[in-house]
Protein chains: 2
Amino acid sequence: MSDSSFTAPACPLPAGASDIIELAHGGGGRLTCRLIDDIFRPAFGLAPDDFTHDGAELGIDGARLAFTTDSYVVRPLFFPGGDIGSLAVNGTVNDLAMCGAQPLYLSVGLILEEGLPIDDLRRVAASMRQAALAAGVRIVTGDTKVVERGKGDGLYVNTAGVGLLRAPRPIAPRRVRPGDTVILSGDIGRHGVAILAVREALGFETEITSDCAPLAAAVLDLIDGGVELHCLRDLTRGGLATGLIEIARDANVTIELDEDRIAVAEPVRGACEILGLDPLYVANEGRFVAVVPADHAERALAHLRRFDAQAAAIGRVIAPERASGVHLATLGGLRELDWLSGEQLPRIC
Amino acid sequence: MSDSSFTAPACPLPAGASDIIELAHGGGGRLTCRLIDDIFRPAFGLAPDDFTHDGAELGIDGARLAFTTDSYVVRPLFFPGGDIGSLAVNGTVNDLAMCGAQPLYLSVGLILEEGLPIDDLRRVAASMRQAALAAGVRIVTGDTKVVERGKGDGLYVNTAGVGLLRAPRPIAPRRVRPGDTVILSGDIGRHGVAILAVREALGFETEITSDCAPLAAAVLDLIDGGVELHCLRDLTRGGLATGLIEIARDANVTIELDEDRIAVAEPVRGACEILGLDPLYVANEGRFVAVVPADHAERALAHLRRFDAQAAAIGRVIAPERASGVHLATLGGLRELDWLSGEQLPRIC
């Protein structure tokens, strides 16, 4: 997922940074970013050019591959529209897709807590298989560890994925140009609200299901249709706003969004109002943005609407005004979108 | 690691199998095996031929690759001779090596517990880098999640790895033949005893350090030296005995071992006696067995002794007597080695 890969250049220091890990270090906001910049980037000797945003590009023996990983700690394990198994397959499939790759093979690493009902494990494994079949990938290797009661939370899953790069040119923030169009593949906010609803027993569970779904078919359709893709980003932790803030920063551009073009289902909007959440920052697991040259926007939309009728052009890239960033054009005027400072929804994925 | 990959055909049902996960499900013995056979194999649609023992072989776009994963939950995070970071790099490097592959790229997935000192994370990341440099691999993509206090244990690590297959022929139990020689790369039992000593404050910490080390250079040296490799197995959870029991079962052969050829350092032997452990079942993180045709044994030993003077031919493969299995020739006669029934040393890796 975008916010979790070791890809972000320097980002602003949060106030009151501490010397222990906080939940917000996993939230996809400023603290996640600092962890990457302060620890992983120097420790692993990462150069920005080593990476595409959602995975690594590898050239091995003449083959052009994408390689990515994510761990999944979502709570609860089962939620409306999915479970940790389908999430773990689709999340990694989607990271490969965002590299412009056809997902092919997955590994699965399980950390089980002593006392987990074996039937839960069975359900999760069956769900992983279903999701893998639906996404056209094969689970080919794996590992299981068990930890004592109170040292886990039922079940954590890691998946890593290998795919074949299909995009003719790199898909990366550095290819984003002023004049490009920003396209959103569907409505936003379903996953985060579905999780929160079931977790907090808010009483609107039945209305809202997670958007958890594989995105590779839609991306490959864009590539096969000859759409020039400058950047792709799936909108997970931190939602649409965080994904676009990252792209704007990495590309050193400003992105202008039209609020009224961003689809939010009425039940999601209502739930966000009750919960005090901004749908722009709520996690999704089956939505992405594509940044394309303006003259490819209509073609991209025609392709994406085969998969979701709500796909829409939601904004444009302009030259940076003072600093890079994301502006939201609302009825009340321009609003600057900023990084999440803390943790909005822990363990959403 | 061998015992953790989804590779084992049916194994005997343990007495008193329960419907919840127990620590022994992660121990590499009968219960681990049942989990694989009863849940993962049917759920993921795995065929035995899909797999090599320690990872999957992939053919992508003309490239012959190996792909593997392991999660690491070792307790404590830091131990004599290594830490969870070096273990996570070497463990996955070694699984690729056991496929006959040159390890190239690793992913890292971290699950951090709220409250982990950031300095511990920094130490682990630095150790991963050192281990990666030593093993000649690059960490190219990663992910970080944070869970609440009491839902983890400081830090869990998953690594997945991609390598280039270098062995001209498959390395797998099905290639093991009566007449083959079994070679062990060094002395056994160091890792498990080092962990246990520091965990239980047994007072002999300073004498015994983990054997945690990368094995790829030794394997590639065997391949480059033209040694015909029928099977390789690194000896992690469950130790030498479990690794050989798995090979014997998968190859449908009997393996005869000479106890006096198996090197065990005196401090390790002493600690095992105090603790009531059998060194044959104690975990290692830098030892492997190679099963080779008898007429390649001398050449294999000459190569392996460049890396460890204690490398030795410890036994031979014979046609199965009634059932497949492993026999240990001791001063007192033949002893049949059986699966571990429970969990000897939880969270050893």
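Bear in mind that the values in this text are calculations on the coordinates, not laboratory data. What you see is a predicted model, and the numbers here were worked out from it, not measured in a lab. All Cβ positions, even for glycine, are placed from backbone atoms using ideal geometry, and neighbour counts span all protein chains on display.
At a glance:
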{"read-out": "³J(HN,Hα), Karplus 6.51/-1.76/1.60, whole Hz, each residue of segment A:325-341, x for Gly, Pro", "value": "x, 10, 10, 10, 7, 10, 4, x, x, 7, 10, 7, 8, 10, 4, 5, 8"}
{"read-out": "Chain A: C-alpha gyration tensor shape, a/c 1.5 cut-off, then a/b vs b/c", "value": "rounded"}
{"read-out": "Shielding score for B:67-80, defined as the mean number of other chain Cβ atoms within 10 Å", "value": "5"}
{"read-out": "Computed over chain B: relative contact order in percent, which uses C-alpha pairs under 8 Å that are six or more apart", "value": "24 percent"}
{"read-out": "Cβ-derived FRET efficiency at R0 25 Å, residue B:322 paired with residue B:258, nearest 0.05", "value": "0.70"}
{"read-out": "Peptide-level mean, for A:97-109, of C-beta atoms on other protein chains within 10 Å", "value": "4"}
{"read-out": "MRE, 222 nm, helices only [DSSP H, n ≥ 4, -39500 (n - 2.57), over the protein assembly as shown, to nearest 500]", "value": "-8000 deg cm²/dmol"}
{"read-out": "Two-site FRET efficiency, residue B:329 against residue A:341, from Cβ-Cβ distance with R₀ of 51 Å, rounded to 0.05", "value": "0.15"}
{"read-out": "Nm distances between copies for residue A:175, ranked from closest, using label points 7 Å along Cα→Cβ", "value": "4.0"}
{"read-out": "Relative contact order of segment B:30-165, pairs being alpha-carbon contacts under 8 Å that are 6 or more residues apart, as %", "value": "34 percent"}
{"read-out": "Cβ-based charge dipole, the protein assembly as shown, positive-most Cα from B:238, A:296, A:135", "value": "A:296"}
{"read-out": "Difference of contour (0.36 nm per residue) and Cα-Cα distance, residue A:134 to residue A:148", "value": "1.6 nm"}
{"read-out": "Descending semi-axes in Å of segment B:128-278, equivalent ellipsoid built from Cα gyration tensor", "value": "29, 25, 16"}
{"read-out": "Residues residue A:126 and residue B:278, FRET efficiency given R0 of 41 Å [Cβ-Cβ distance, rounded to 0.05]", "value": "0.60"}
{"read-out": "Furthest towards positive pole of dipole, B:44, B:107, B:82, structure part segment B:33-110, Cβ charges", "value": "B:82"}
{"read-out": "Within 10 Å of each Cβ in A:113-120, the average number of Cβ atoms from other chains", "value": "5"}
{"read-out": "Rough spin-label spacing in nm, given labels placed 7 Å along Cα→Cβ, for residue A:207 and residue A:305", "value": "2.8 nm"}
{"read-out": "Assigned charges on the beta-carbon of Lys, Arg, Asp, Glu; segment B:30-165 dipole about Cα centre (debye)", "value": "260 debye"}
{"read-out": "At 7 Å out from Cα toward Cβ: residue B:62 inter-copy label distances (nm, ascending)", "value": "0.3"}
{"read-out": "Gyration tensor (alpha-carbon) shape descriptor, segment B:246-349, a/c threshold 1.5", "value": "oblate"}
{"read-out": "Of the trypsin sites (Lys or Arg not before Pro) in segment B:92-130, those whose Cβ has at most 13 other Cβ within 10 Å and which sit in DSSP loop", "value": "none"}
